[in-house]
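To start, the structure under review is shown below, and the notes come after it.
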Amino acid sequence: MPTPTQLIIRPYQESDAEALHALFYHTVHNVNRRDYTDAQLAAWAPDAVDMLFWRQRMRGIQPYVAVYQNLQVGYADIQTDGYIDHFFCHWQYQGQGVGKALMQHLFAVGTELQVPRFYAHVSKTALPFFQRRGFETVHEQQVTMRGQLLTNYLMERLA
């Protein structure tokens, strides 16, 4: 279990792209399977990936990366309006403080940015985590992704 002094949170680097995609893919397929069907998981995180698109996406959102013993164990971003687009913790490091540390980092960055609120589209699986961090559900929503209907929640926390 990483201690706060062993966990480093740093800005995204181009060399993180493949590791973050693997983290995203395996977390969705291992952690979120308790709340979504195999077809929904395949639509959310398909086997085939366009790494050029993924790299552009990561450059666009500029996430912060949690690193423990030279392994990327989580990543999350915050946009200038307080939107959290990606928030993922390595499936083998769930419940070990990685998400908590990333969220605290996002709150600190949000304070610097003077965002009025933090908000995200949160999966069924991540709902309790966000609730424990002071987020409230604005509404449940249905999102169509690659022909599959997925339930998630618009959640917010006032700054």
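Taken one residue at a time, the phi angles of region 152-158 give Karplus couplings (6.51, -1.76, 1.60, θ = phi - 60°) of 9, 9, 7, 10, 8, 9, 6 Hz. Gly and Pro are set to x.
Here each label is just a point 7 Å from Cα along the line to Cβ, and for M51 and Q13 those points are 1.7 nm apart. Under a Gaussian network description of the chain, with springs only between Cα atoms under 10 Å, the residue in A48, A19, A108 that fluctuates furthest is A48.
At full extension, T80 and V143 could sit 20.3 nm farther apart than now, given 0.36 nm per residue minus the alpha carbon distance.
Suppose the Debye formula is applied to equal point scatterers at every Cα of the chain; what is log10 I(q)/I(0) at q = 0.18 Å⁻¹? Rounded to two decimals, the profile gives -1.22.
Using a probe radius of 1.4 angstrom, the carbon and sulfur fraction of the accessible surface of region 1-150 is 51%.
The amide H of G74, built 1.01 Å from its N in the peptide plane, has A66, H90 as neighbours under 5 Å, considering only residues 5 or more places off or on other chains. Each residue of region 65-71 was assigned a 3J(HN,Hα) from its phi angle through the Karplus curve 6.51 cos²θ - 1.76 cosθ + 1.60 (θ = phi - 60°); the sequence is 10, 8, 10, 10, 6, 6, 10 Hz, with glycine and proline shown as x. Geometric descriptor of region 30-121, per residue, is 122 Å³ (volume of the convex hull of the Cα atoms). FRET efficiency for the pair N30 and Q114, taken as 1/(1 + (r/R0)^6) with r the Cβ-Cβ distance and R0 = 30 Å, rounds to 0.25.
In terms of its C-alpha gyration tensor, region 66-159 has an oblate overall shape, because the principal axis ratio a/c (a ≥ b ≥ c, square roots of the eigenvalues) is not below 1.5 and a/b does not outweigh b/c.
The values are calculated or read from the model by the stated rules, or taken from the named source; none is laboratory data. Note that the structure is predicted; figures quoted are calculated from it, not measured. Neighbour counts are summed over all protein chains in view; Cβ atoms, including those assigned to glycine, are modelled from backbone coordinates with ideal geometry. Ligands, DNA and RNA are excluded from the accessible area calculation, which covers all protein heavy atoms including side chains. Shrake-Rupley method; radii C 1.70, N 1.55, O 1.52, S 1.80 Å.
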